[in-house]
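*Asks:* Sharing a structure, written as structure tokens. Questions coming.
The values are calculated or read from the model by the stated rules, or taken from the named source; none is laboratory data. Bear in mind that the values here come from a model prediction, so they are computed numbers and not experimental data. Cβ sites come from the backbone with ideal geometry, for glycine too, and all protein chains shown count toward neighbours.
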Amino acid sequence: MQKNYPGKYNAAGLPLTLKRLGMAGLLLDIGKTLLPLSLLNKQARLTDEEFEMMKSHPLLGYHLLQNLGIDDEIILDVCAHHHERMDGKGYPDWLPEEKISIYANMGTCCDVYDAITSERSYKTGWALGQAIRKMAEWQEGQFNRTVFHAFVRTVGLYPSGTLVQLKSGRLAYVVEQHPGSLMTPKVKAFYSTRQNVFIEPLMLDLSKCGDTILNVEDPAKWNFKASHL
């Protein structure tokens, strides 16, 4: 079932089969259509038996697609393996890192992001920034690092102009992304939340200064105008 599809990338490392990848993204969870709604919408914690049933959806989807006459190797691979992990602890096949295709890795990032940002009957979806930050915390062992970093660059963690609150009690807006660290952009601090006053604007490289981002803030909450930013 597993394939690595050698030779199907251009010089920039981009897949040449975007249409097939798009279809793979749309169909990767199709196996869940064969699971009971009572399981999919359960608000309480799943029992061990229910969790094993939930974990069956990749192979259920794989065989469903085959029965529907879909034989595209990328679509089938992403459907079957979007829950595999880099540390070999995924399912259904417990594949080691070198056996997981880049397409399945892409499916993993998209599936996790969709799961934690979507509204469900049993949970509230997370904000974009919160979701990406949590995924960054989880990336070791779960995501392909190269694919995850490309995903974050596409979706954006702290886009330029984002208003953030720092651990130091200052408000700042994001000026520039740090190429080596997804969670520590360069920011310009301009307001003290402890004294409730504007301060002399100060450029900070969060990868070096020790300060960290606590929250993404809404400028309207602080009654800031564009001129303040």
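*Asks:* Could you list all residues from the stretch 178-216 that are assigned to a loop (DSSP other than H, G, I, E, B) and within 25 Å of Gln139 (Cβ to Cβ)?
*Replies:* We begin by selecting, within the stretch 178-216, every residue assigned to a loop (DSSP other than H, G, I, E, B); these are 179-180, 193-196, 206-212.
Result: Pro179, Gly180, Leu206, Ser207, Lys208, Cys209, Gly210, Asp211, Thr212.
*Asks:* Please go through the stretch 113-161 and pick out each residue that is of a type outside the set (A, V, I, L, M, F, W, C), touching a helix residue (DSSP H, G or I) at 6+ places or on another chain (Cβ under 6 Å), at pLDDT below 90 and not in a helix (DSSP H, G or I).
*Replies:* Gly125
*Asks:* Okay, moving on. Given the condition in the same structural domain as Ile30 (by TED's automatic domain parsing), in contact (Cβ under 8 Å) with a residue 24 or more places away in the chain, surrounded by 20 or more Cβ atoms within 10 Å (Cβ to Cβ) and of a type in the set (A, V, I, L, M), answer yes or no: does some residue in the stretch 121-128 qualify? Can you show your working first?
*Replies:* Pass one, the stretch 121-128, residues in the same structural domain as Ile30 (by TED's automatic domain parsing): 121-128.
Pick out the ones that are also in contact (Cβ under 8 Å) with a residue 24 or more places away in the chain and you get 121-122, 127-128.
Narrowing the set further to residues that are surrounded by 20 or more Cβ atoms within 10 Å (Cβ to Cβ) leaves none.
Checking the stretch 121-128: not a single residue is in the same structural domain as Ile30 (by TED's automatic domain parsing), in contact (Cβ under 8 Å) with a residue 24 or more places away in the chain, surrounded by 20 or more Cβ atoms within 10 Å (Cβ to Cβ) and of a type in the set (A, V, I, L, M).
*Asks:* Taking the stated definitions as given, is Met86 at pLDDT below 95 and either under 23 Å from the mean Cα position of the chain (by Cα) or among the aromatic types (Phe, Trp, Tyr) (or both)?
*Replies:* Values: at pLDDT below 95: no; either under 23 Å from the mean Cα position of the chain (by Cα) or among the aromatic types (Phe, Trp, Tyr) (or both): yes.
Considered against the rule, which asks whether it is at pLDDT below 95 and either under 23 Å from the mean Cα position of the chain (by Cα) or among the aromatic types (Phe, Trp, Tyr) (or both), Met86 comes out as no.
*Asks:* Is one or more of the residues making up the stretch 96-112 in a loop (DSSP other than H, G, I, E, B), in contact (Cβ under 8 Å) with a residue 24 or more places away in the chain and surrounded by 17 or more Cβ atoms within 10 Å (Cβ to Cβ)?
*Replies:* Initial filter on the stretch 96-112 (in a loop (DSSP other than H, G, I, E, B)): 96, 100-101.
Now restrict to residues that are in contact (Cβ under 8 Å) with a residue 24 or more places away in the chain: 100-101.
Subset that is surrounded by 17 or more Cβ atoms within 10 Å (Cβ to Cβ): 100-101.
Within the stretch 96-112, one or more residues are in a loop (DSSP other than H, G, I, E, B), in contact (Cβ under 8 Å) with a residue 24 or more places away in the chain and surrounded by 17 or more Cβ atoms within 10 Å (Cβ to Cβ).
*Asks:* Still on this structure: With respect to Leu14, determine if the residue is surrounded by 14 or more Cβ atoms within 10 Å (Cβ to Cβ), under 26 Å from Glu140 (Cβ atoms) and either modelled with pLDDT of 95 or more or not acidic (Asp, Glu) (or both). Reasoning before the result, please.
*Replies:* On the way: surrounded by 14 or more Cβ atoms within 10 Å (Cβ to Cβ): no; under 26 Å from Glu140 (Cβ atoms): yes; either modelled with pLDDT of 95 or more or not acidic (Asp, Glu) (or both): yes.
No: the conditions fail for Leu14.
*Asks:* List every residue pair whose Cβ atoms sit under 7 Å apart, with the two residues 6 or more apart in sequence or on different chains, where the first one lies in the stretch 143-166 and is over 15 Å from Asp111 (Cβ atoms) and the second, anywhere, is modelled with pLDDT of 85 or more and of a type in the set (D, E, K, R).
*Replies:* Sorted first by the residue in the stretch 143-166, then by its partner, the pairs are Ser160/Glu176; Leu163/Glu217; Val164/Glu217; Gln165/Glu217; Leu166/Asp211.
*Asks:* Residue under question is Val175, and the condition is that it be in a helix (DSSP H, G or I), more than 17 Å from Lys221 (Cβ to Cβ) and modelled with pLDDT of 90 or more; does it hold? Step through it out loud before you land on a result.
*Replies:* Working: in a helix (DSSP H, G or I): no; more than 17 Å from Lys221 (Cβ to Cβ): yes; modelled with pLDDT of 90 or more: yes.
When the stated conditions are applied, Val175 does not pass them.
*Asks:* Test of understanding: among Leu214, Leu171, Leu202, which residue is within 25 Å of Phe148 (Cβ to Cβ) and not acidic (Asp, Glu)? Talk me through it step by step, then tell me what you get.
*Replies:* Details: Leu171 fails: within 25 Å of Phe148 (Cβ to Cβ); Leu202 fails: within 25 Å of Phe148 (Cβ to Cβ).
That would be Leu214, the only listed residue that is within 25 Å of Phe148 (Cβ to Cβ) and not acidic (Asp, Glu).
*Asks:* While we're looking at this one, here's another question. Out of the stretch 189-224, which residues are closer than 16 Å to Thr162 by Cα, modelled with pLDDT of 90 or more and buried (at least 16 other Cβ atoms within 10 Å of the Cβ)?
*Replies:* Ala189, Phe190, Tyr191, Leu204, Leu206, Ile213
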